[in-house]
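Heads up: the structure comes next, in structure tokens.
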Amino acid sequence: MAASQTLAEQLRAQGVSRRGFLKFCAATASLMALPPSLIPRIAEALEAARRPSVIWLSFQECTGCTESLTRSHAPTLEGLIFEAISLDYHHTLQAASGEAAEAARLQAMRDNAGAYLVVVDGSIPGPEANPGYSTVAGHSNHAILMETVEHAAAVIAVGTCAAFGGLPRAAPNPTGARAVMELVHDKPIVNISGCPPIPMAITGVLAHYLTFGRLPELDAYRRPLAFFGESIHDRCYRRPFYDRGLFAESFDDEGARQGWCLYRLGCKGPTTYNACATQRWNGGTSWPIEAGHPCLGCSEPAFWDAGGFYRAVSVPPRVNAAALLGAGAAGAALGAGTALAARHLTRDEQQHREPVTVEELEKKL
Amino acid sequence: MNGAMEFLLWTKGPMFQIALGIFAVGMLARLFEILLLGRATNHAEARAGEWLPGLRTVFTRTIPDPGTFRRAPFDVLVGWVWHLGFIIVLLLSVPHVELIAGVFGVSWPALPNPVIDLLTAITLAGLVAALLHRLLHPVKRRISIPQDYLVWALTFAVVLTGYLAYHRLVEPYPLALGMHILSAELLLICLPFTKLTHIFTTVFARWYNGAAFGRKGVRS
Amino acid sequence: MSELSLERGLAALRAEIDAPVAAFFSSCVRCGLCAQSCPFYLETGDPRYTPILKLEPLRRVWEAEFTLWGRIKRWLGLGQEVSDAMLAEWEPLLYDSCTMCGRCSMVCPVGNDLAYMIRKTREGMVQSGHAPEGLVAASVRAIQTGSPMGLQWKTLAVQIQHVERSTGLTVPVDRAGAEYLVMLSSMEIINFPEYLEAITRIFDHAGVRWTLSTQCFEATNAGIQIGSKDIAAELVERVVAAASALGVSRVISPECGHAFTAIRWEGPNLIGRPYPFRVFHIIEVLDELRRDGRLHTEGKEADRLSMHDPCNLARKSGVIGEQRALMGLVAENFVDLDEHGRFQWCCGAGGGVSSNERAEPLKLAAFKRKKAQIEAVEPERMVTMCATCRTQLEEGLEEFNMDIPVVGLTEMIAEHLVERPAVEPEAGTESGQPA
Ligand code: HEM
Ligand code: SF4
Ligand code: SF4
Ligand code: SF4
Ligand code: SF4
């Protein structure tokens, strides 16, 4: 692939007009919440940008993330972005297979050492786990990851599995699955969480990287603030119902039909940071809450273990009734012990009790 | 990973269990160490029974006699306001109704959020007034011990963090909610070991009082 | 010989702790409302007189030894000890500034029966040698002479003669098989001899078979006031022995509040067994006679009368309606004080305060509450039914130059009895002159 072409040359070669290109720049700006005044700068930067080499590693994943990215509707930003990067290695998408595929990865790493991006989807059995749980071409996921990121410019963890461990990491986490950021400590990392993540979030980050040559501003979980800066609840169109205290209590009650808030049906919107409410899904068609289903909180750490999907945010995952009863019984025993010990003491004392006598009192006069 | 979300999950998960466990141990120990002490047999001829007057007092003590109300209206009103606010918010707000339903499997109707929010604001104001009164009134200042201020702070913290969470005044939200749940758990943990036990023992105290007076034919 | 000591005091406090005490201390929220019910705090404004604070010695013993948490604290060296010095500091709080009136027990929002605990704490004070001199002296006299004032039967015998002379009736003494044994208080005998005369007339009028006992005439109980079961039990045993000797079925407590609670409510528990007789306050007996139609009165007092309910009679024994019904018999212009009955205010002298010279200024201070109540109603006379209250009211009103006489209810009833041709209640044996 022609990694040396600039993006502008590439796009023009594909027949994208100047106008189309500027539209792309404007869309990128708005996506990343940048002011329109920056559009010319973006255009300028993009025109001069080299197509970066991207190595896409898929580990313990379901391919949902890739599906999300590719199930886009033409002509799309996602499509454009795919043109704008040099995707040198991707299990699912690349034509090469077997040894050739692995060779392509090593080749790209050598050619672009220090400059290539590594995109990861899926979680990784950690170094202490059995390496055989997940392998590619006989190499453990962990070994491949560590080898590949060594000379990378940055790592982009796509999807909740890569960002936080996701489904494979759900209790009891049989494969010892870990998130990328738990294993890679010396490289810039961006997490684009979601199960799957919103496609625009992936392309937005790539566009930002292309434009500015650096990663966008991140939150405490290293998620791009442009997409993860606000909670679902804060942008949810059902919020007025929440504020007024109007809730659906089952999926087919009057409240559900009226489109009331889904809090009591387990909506995790309040604790979930993602852009579903603004970007929506399937080319802007709809999104879960609009479809009548509570947010599952898929872009948050440990979302599988955060309590039932259909139980409200305030409900703790599980209460161990047996342990609680045990604690109560232990408490009762302790209390009874204290009372009986005190009673025993006083009874003993009473047996040797000296009554107050007049003689004793007289001495006090 | 130890971000806000993990903190929230910790407060909802392990910490919740720990708090409930300590509470269960402490509170049952407390009740047993009180009740097992028993009372000596009373040989004096009773004028009336004990059970009904005892139960009566359990309820009637909630409302002070008119003279006491006249002498200490501030105590009575402020006490009432924040206790009621606290109890209503605790038992009748949507997140708490869901919590109780989720943990104990019983549920009842909830009040709309704006009502709860107003009550919360009133409760906060009531608690501040109660603190000021404690600091300024000579009797309260004289009999207060550090524990009283600790208990106040814990109680205030629970309501305040609930308010902050509801209004999203602390970001990120999981941090705010985690703080709220953690303060509720601290309250639960301290309950058996501080004057907060009165939540459970007042019933017995009032009953004993009502029974002792009732036996002599006096409504107390 | 043995001596009162801190160890004995602490053991006594421990012995007093029961489930109610534990529930009370566990429930106190330190709201301070009990202070708003205590005349000693209200009239001095001194927060030291907050009722719950008076109980700190008992509370510390409870926390340190009766709670798991307290044991842990003590083990960590965080416990609070009760020392001799502390008890000395608390002595005036427990005796001088508390009449055990029980008002705080009615007001505490969590239901703490504070007066119950004050009574218990005094046990520890006596055993540790921290009771006030006045009460110690009264207790010693009560045990040694049978009366806290050192009064002897001789004095009473003289009074009986007076009564018999002025009424022409016989005061029955040591009459076996009488229904009622009448007990007296030394204070009555000395300050209010009209009481004996009044009951002599009333009982004659109503045909009640009654008697006094030379074996024991005194029913006040210094042991209850000082807070010593041992002293109190001995005094109660004397009454029980006298009543049993005469085989009476009913014992009448004098017009004295604490004597009544002592013999009525504490007595059987002090001696550890039920009585073979029943105990009544004279007011209860009079009201029973009224209800049975055995009291015939004529004429009514026309002046404005109000009434002081003795704490021990009203709040602590449930005799509230009776005295009002009796007032209805003899007064046409009766008005109650604003807070009366179970919410009455203590006169300030009960619970041993009047025997404790050191407490004199506090006793007067506490009376100001009563005074204010009386001023609000502006009666021409006050009526009461307890010798201690009556003395305190008289002295207090005089101190403040208020010209309001205080009368006993029993005397007032006696004055209004219809003169009837003397019907001999029981024929024959009219002996009345013991040795
Ligand atoms: C003593 C116990 C508690 C008290 C007094 C309390 C009080 C409050 C208050 C005052 C609010 C704010 C309501 C408003 O401003 O509208 C609130 C909200 C909330 N509380 Fe509690 N709370 C308690 C325990 C708990 C516990 C144990 C949990 C969960 C395990 C919990 C979960 C919540 C949630 C989820 C909210 C909603 C916050 C929001 O709307 O964003 N609370 N609580
Ligand atoms: S994050 Fe969700 S969609 Fe992506 S790989 Fe994991 S399970 Fe699949
Ligand atoms: S549906 Fe969910 S995200 Fe929307 S307002 Fe309700 S709780 Fe918040
Ligand atoms: S009124 Fe009751 S709760 Fe309040 S300080 Fe007094 S004893 Fe404690
Ligand atoms: S019993 Fe009466 S005098 Fe004693 S503390 Fe209580 S209110 Fe005050």
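The values are calculated or read from the model by the stated rules, or taken from the named source; none is laboratory data. Everything numeric in this text was worked out from a predicted model, so none of it was measured. Note that we place each Cβ from the backbone using ideal geometry, even for glycine, and neighbour counts take in every protein chain shown. Please note that ligands, DNA and RNA were not included when accessible areas were found on the heavy atoms of the full protein model with its side chains. Shrake-Rupley method; radii C 1.70, N 1.55, O 1.52, S 1.80 Å.
How about the stretch C:89-123: which of its residues lose at least 20 Å² of accessible area in the presence of all protein chains relative to their chain isolated, using a 1.4 Å probe? Those residues are C:Ser105, C:Met106, C:Val107, C:Pro109, C:Val110, C:Gly111, C:Asp113. For peptide B:67-75, the mean count of partner chain Cβ atoms within 10 Å of a residue's Cβ comes to 5. Only protein heavy atoms count here, probed at 1.4 Å, and on that basis chains C and A bury about 2200 Å² of accessible area in total.
Computed with a 1.4 angstrom probe on protein heavy atoms, the B-C interface buries about 4600 square angstrom of accessible area in total.
Give me a single rounded figure for B:139-146: the average over its residues of other chain Cβ atoms within 10 Å of their Cβ. Can you show the working numbers first?
Working: counts 16, 7, 2, 9, 13, 2, 2, 0.
Mean number of neighbouring Cβ atoms from other chains: 6.
For the cross-link pairs B:Lys195/C:Lys371; B:Lys195/B:Lys216; C:Lys73/C:Lys363; C:Lys120/C:Lys363; C:Lys316/C:Lys363, the ones whose C-alpha atoms lie over 32 Å apart are B:Lys195/C:Lys371; C:Lys73/C:Lys363. Here the spin labels are modelled as points 7 Å beyond Cα on the Cα-Cβ line, and at B:Trp108 and C:Gln152 they lie 7.2 nm apart. If R0 is taken as 60 Å, the Cβ-Cβ distance between C:Ser244 and A:Ser250 corresponds to a FRET efficiency of 0.20.
Here the average projected area of the convex hull drawn through the C-alpha atoms of the protein assembly as shown stands at 52.4 nm². For the stretch C:142-291, taking the reciprocal of the average inverse distance between every pair of different Cα atoms yields a Kirkwood hydrodynamic radius of 15.2 Å.
Per-residue Karplus couplings for the stretch B:189-196, computed as 6.51 cos²θ - 1.76 cosθ + 1.60 with θ equal to phi - 60°, are listed in order as 5, 6, 3, x, 10, 10, 5, 4 Hz, Gly and Pro entered as x.
Can you work out the accessible area per residue across chain B, with the rest of the protein chains kept in place, probe 1.4 Å, in square angstrom?
Details: 9750 Å² over 220 residues.
Accessible area per residue: 44 Å².
Taking R0 as 51 Å, what's the FRET efficiency between C:Glu360 and A:Ala333 from their Cβ-Cβ distance, rounded to 0.05? Computed FRET efficiency for C:Glu360 and A:Ala333: 0.45.
Comparing the full protein assembly with the isolated chain, the residues of the stretch C:21-41 losing at least 20 square angstrom of accessible surface (1.4 Å probe) are C:Ala22, C:Ala23, C:Phe24, C:Ser26, C:Ser27, C:Val29, C:Arg30, C:Cys31, C:Gly32, C:Leu33, C:Gln36, C:Tyr41. What percentage of the solvent-accessible surface of the stretch A:50-227, computed with a 1.4 Å probe over protein heavy atoms, is contributed by carbon and sulfur atoms? Answer for the stretch A:50-227 is 54 percent, counting heavy atoms of protein chains only. The label point for A:Glu67 and the one for A:Arg257, both projected 7 Å from the Cα toward the Cβ, are 3.3 nm apart. Per residue, the Cα convex hull of chain A amounts to 271 Å³.
With all protein chains kept in place, the per residue accessible area of the stretch A:232-305 amounts to 41 square angstrom at a probe of 1.4 angstrom.
In this simple spin-label approximation, B:Arg141 and B:Arg47 carry label points 7 Å from Cα along the Cα→Cβ vector, and these lie 4.2 nm apart.
Peptides C:265-275, B:204-214 ordered by packing proxy, namely the average of other Cβ atoms within 10 Å per residue, highest first: B:204-214, C:265-275. Peptide B:95-105 has a mean of 5 when you count, residue by residue, the C-beta atoms of other protein chains within 10 Å of its C-beta.
Quick check on packing: order A:296-309, C:347-360, A:192-205 by the mean number of other C-beta atoms within 10 Å, highest mean leading.
In descending order of packing, they fall as A:192-205, C:347-360, A:296-309.
So how much accessible surface do A and B hide from each other in total, probe 1.4 Å, in square angstrom to the nearest 100? The partial results should precede the final answer.
Numbers: alone 18850 and 13770 Å², together 29150 Å².
Chains A and B together bury roughly 3500 Å² of accessible area.
Computed in the context of the full set of protein chains, the accessible area of chain C at 1.4 Å probe radius has 50% of its extent on carbon or sulfur.
Using the Cβ-Cβ distance between A:Ala321 and A:Gln107 with R0 set to 51 Å, the FRET efficiency from 1/(1 + (r/R0)^6) comes to roughly 0.30.
Which whole-number value in Å² is the accessible area per residue of chain C, probe 1.4 Å?
Details: 14480 Å² over 435 residues.
The answer is 33 Å² per residue.
Volume per residue for the stretch A:232-305 equals 89 cubic angstrom (convex hull of Cα atoms).
With N the number of residues in the stretch A:322-365, Rg(Cα) / (2.2 N^0.38 Å) evaluates to 2.13. Taking the protein heavy atoms of chain B in the context of the full set of protein chains, the accessible area attributed to carbon and sulfur is 76 percent at 1.4 Å.
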